1. Name the residues in the stretch 102-124 that are touching a His at 6+ places or on another chain (Cβ under 9 Å) and either more than 16 Å from ALA38 (Cβ to Cβ) or open to solvent by less than 10 Å² (accessible area, probe 1.4 Å) (or both), would you?
2. Regarding the stretch 37-56, can at least one residue be identified that is within 20 Å of ILE153 (Cβ to Cβ), β-branched (Val, Ile, Thr) and touching a residue at least 60 places away in the same chain (Cβ under 8 Å)?
3. Test ALA76 against the stated conditions and say whether it is within 25 Å of PHE128 (Cβ to Cβ) and either assigned to a helix (DSSP H, G or I) or open to solvent by 60 Å² or more (accessible area, probe 1.4 Å) (or both).
4. Would you confirm whether or not the stretch 99-107 contains a residue that is modelled with pLDDT of 95 or more and more than 20 Å from ASP10 (Cβ to Cβ)?
5. For a quick check of your reading: which helices (runs of 4 or more DSSP H) sit entirely within the stretch 1-68 and have at least 3 residues that are among the acidic types (Asp, Glu) and open to solvent by 30 Å² or more (accessible area, probe 1.4 Å)?
6. Within the bounds of the stretch 86-101, is there any residue that is open to solvent by less than 80 Å² (accessible area, probe 1.4 Å) and assigned to a loop (DSSP other than H, G, I, E, B)?
Amino acid sequence: MNKINSWSSDKQREEMAHFVEMLRAMDGPELGHVVAIATHMRRALESEGHNVMDPIIYTGQNVGFPLFLSRTIAEAQKQGRMQDAAALLVWLHTARAGVRLELRPLAREMWRQLERGFPHVNESALGFERTVGSVLNTQVASQFPSGFTPDPI
């Protein structure tokens with residue numbers, strides 16, 4: 001059991017590190033776009049009863065939540081909805097870090113990178129609306145999930 005757990009942890013760390021590297025390569029407006037869609041996805045998940053903003057407590061109560069997110073991401077990718085999949089990765093990595101203490105430093109770094117996009121969320125949401133015709137719900141987009149501020153409080 002320990003080998004499987006260790007392998008799983010290493011795999012998740014590798015996936016999160018790759019995602020954080022991609023975020024590091026983005027500029028503020030690009031990150032604003034990711035944050036805008038991630039916030040919209042967060043609002044949709046919340047409307048379904050998921051508490052993504054308290055991932056440590058929520059994943060303790062709902063241990064299947066990361067698997068649910070993985071499956072939702074796979075379905076979005078299959079349907080060609082890559083922006084949705086990327087936005088959901090934010091929540092998958094946050095949820096996984098809620099489960100695994102060893103992933104939290106990387107999750108904090110992910111949120112540090114996403115924070116660079118906070119000032120650009122409204123502009124990105126307007127651009128998305130003009131281009132796609134859909135309105136993104138970006139209320140409180142510049143909020144960190146509990147326990148995931150870039151620097152521990």
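The values are calculated or read from the model by the stated rules, or taken from the named source; none is laboratory data. Just so it is clear, the structure is predicted and the values come from calculations on it, not from any experiment. Counting neighbours? That spans all protein chains shown, and the Cβs are built from the backbone with ideal geometry, glycine included. Heads up: the accessible areas ignore ligands, DNA and RNA and are worked out on the full protein's heavy atoms, side chains in. Shrake-Rupley method; radii C 1.70, N 1.55, O 1.52, S 1.80 Å.
1. Of everything in the stretch 102-124, those that are touching a His at 6+ places or on another chain (Cβ under 9 Å) and either more than 16 Å from ALA38 (Cβ to Cβ) or open to solvent by less than 10 Å² (accessible area, probe 1.4 Å) (or both) turn out to be LEU103, LEU106, ALA107, MET110, GLY117, VAL121.
2. yes
3. So ALA76 fits the description; yes.
4. no
5. The helices (runs of 4 or more DSSP H) meeting that bar are 2-24.
6. Scanning the stretch 86-101, I find at least one residue that is open to solvent by less than 80 Å² (accessible area, probe 1.4 Å) and assigned to a loop (DSSP other than H, G, I, E, B), so the answer is yes.
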